[in-house]
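**Student:** Sharing a structure with you now.
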Amino acid sequence: MNARWHASLTADHRIQASIDATAIAHNLALIRQRARQCARPPRIWATVKADAYGHGLALVLPGLVDADGIAVQYLSDAHACRQAGWQGPILVYAGLQSASEAALLNIPGLHLVISHAAQIDWLSARPPRPEAPDVWLRFCGDLRLAGFDIAAYGRADARCRELAAQHRIGQIGHLNHYAHAEDEDGIAAAHALFRQATRDLPGPISTCNSAAMWRHAGHMAETDWIRPGLALYGASPLPGTHGPALGLRPAMTLTARLMSLQTVAAGESAGYRSSFVATQATRIGLVGCGYADGYPRHAASGTPVLVNGHRSQVLGCITMDVTMIDLTGIADAVPGAPVTLWGAPGLPVETVAAAAGTIAAELLCGLTARVPLVAHAAHPA
């Protein structure tokens, strides 16, 4: 088990990320509810790549028991899922990374995404097996980061059907990922091209990430498997919208502690290169969190935090180990007091991401090994 995973909060944690599996279960149920609005509801691949978007695989699995399958990035992640107790289907987005990985396909219920011809070559060298992995051919679409273009797609499908007849692979499906799913007009042209590439080809279809589910809900009726990621963890997939506004519950709360306090007189400065200059006497708190923990270096002055539930803000620049915050007017702020950096009601991770010029997924995935992940059923006060 990952050394960062802890069963409960301990007093000596300088910083910790509380992971709420019940929030993940709620978000999955909300996604299932949206899917059931279709006449033929699609099944759900719950995406847990990047160690479950930084939440810790073992900590989120209790919230995903009702998923139809889980999706990971690499084959080694699939083995980790089995070791963590997941017994259902597993989709591997990156498929095989080398010919040698073809010898490691001994996991029942395995599904491989096939993005280039070499992966088919590696599977063709594999001996026939009674339980061969299913494969999903990836269309390059408008994202173009991986997959077969429209000219090569049919040839790839034909090769895979030969392997299926030889029992080297199982069922063949078709997968697409949209580049502009969060935009109102972001899917129609790309989806039409995907349907052209897969026309008359048998097999299940998988499209729709979190953004597509919310912005283009009608497309769920045309797919057999949807692949939510960010929404499972309570963050919004739509720009300018916070997860709670969509009915989602944040699954991570990042909390640190006040290390010390000081008062800076008007005209005095603090921080590297005098990044904060006081315009009036200011009570400053030093929080035991910095960019070495994964808090964004470019979070601007004014980025909100919560101190004992009181709203405050970042002052100056974020350092490797310390963040300065404004404690003026917060009388109960004392060394050791909790400081919520994101995730509590009223402080969604999207707000911090916007202040740092990035996206919520980067913050969630970016916590470093210095931050313990703690199973917690409720947000800290």
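The values are calculated or read from the model by the stated rules, or taken from the named source; none is laboratory data. Just so it is clear, the structure is predicted and the values come from calculations on it, not from any experiment. Neighbour counts run over all protein chains shown; Cβ positions are idealised from the backbone, glycine included.
**Student:** Go through the stretch 29-56 residue by residue and tally those that are crowded, with 24+ Cβ neighbours inside 10 Å and over 20 Å from the mean Cα position of the chain (by Cα).
**Tutor:** Going through the stretch 29-56 one residue at a time, the tally reaches 1.
**Student:** May I pose another question? Test each condition in (1) outside the structural domain of S301 (by TED's automatic domain parsing); (2) more than 19 Å from V349 (Cβ to Cβ); (3) out of contact with any strand residue (DSSP E or B) (no Cβ under 8 Å at 6 or more places or on another chain) for R273 and report the one that comes out false.
**Tutor:** For R273, the exception is condition (1).
**Student:** Take A165 and decide whether it is among the small types (G, A, S), under 30 Å from N106 (Cα atoms), surrounded by fewer than 19 Cβ atoms within 10 Å (Cβ to Cβ) and out of contact with any strand residue (DSSP E or B) (no Cβ under 9 Å at 6 or more places or on another chain).
**Tutor:** Yes, satisfied.
**Student:** Next up: Could you tell me whether any residue of the stretch 32-51 is in a loop (DSSP other than H, G, I, E, B), in contact (Cβ under 8 Å) with a residue 12 or more places away in the chain and touching a Lys or Arg at 6+ places or on another chain (Cβ under 7 Å)?
**Tutor:** No.
**Student:** In a helix (DSSP H, G or I) and basic (K, R): which single residue out of R161, R126 fits that description?
**Tutor:** Of R161, R126, the one residue that is in a helix (DSSP H, G or I) and basic (K, R) is R161.
**Student:** Follow-up. Among the residues of the stretch 271-322, which ones are part of a loop (DSSP other than H, G, I, E, B), over 19 Å from G54 (Cβ atoms) and aliphatic (A, V, I, L, M)?
**Tutor:** Once the filter is applied, which keeps residues that are part of a loop (DSSP other than H, G, I, E, B), over 19 Å from G54 (Cβ atoms) and aliphatic (A, V, I, L, M), the stretch 271-322 yields A278, A281, A300, M320, V322.
**Student:** Could you please find all residues in the stretch 287-314 being touching a Gly at 6+ places or on another chain (Cβ under 8 Å) and either β-branched (V, I, T) or not assigned by TED's automatic domain parsing to the domain that holds E350 (or both)?
**Tutor:** V307, V314
**Student:** If you take the residues in the stretch 140-154 that are in a loop (DSSP other than H, G, I, E, B) and of a type in the set (G, A, S), which one is surrounded by the most Cβ atoms within 10 Å (Cβ to Cβ)?
**Tutor:** G141
**Student:** Hey, among G294, G290, G267, which residue is buried (at least 18 other Cβ atoms within 10 Å of the Cβ) and on the phi > 0 side of the Ramachandran plot?
**Tutor:** Residue meeting the stated conditions: G294.
**Student:** Does G343 satisfy being in contact (Cβ under 8 Å) with a residue 12 or more places away in the chain and more than 18 Å from H55 (Cβ to Cβ)?
**Tutor:** No: the conditions fail for G343.
**Student:** Among the listed residues S18, S98, S8, identify the single one that is modelled with pLDDT of 95 or more, more than 23 Å from I172 (Cβ to Cβ) and among the polar types (S, T, N, Q).
**Tutor:** None of the others qualify; the one that does is S18.
**Student:** Please find, within the stretch 73-95, the residue that is surrounded by the fewest Cβ atoms within 10 Å (Cβ to Cβ) out of those that are more than 18 Å from I172 (Cα to Cα) and aromatic (F, W, Y).
**Tutor:** It comes out as Y74.
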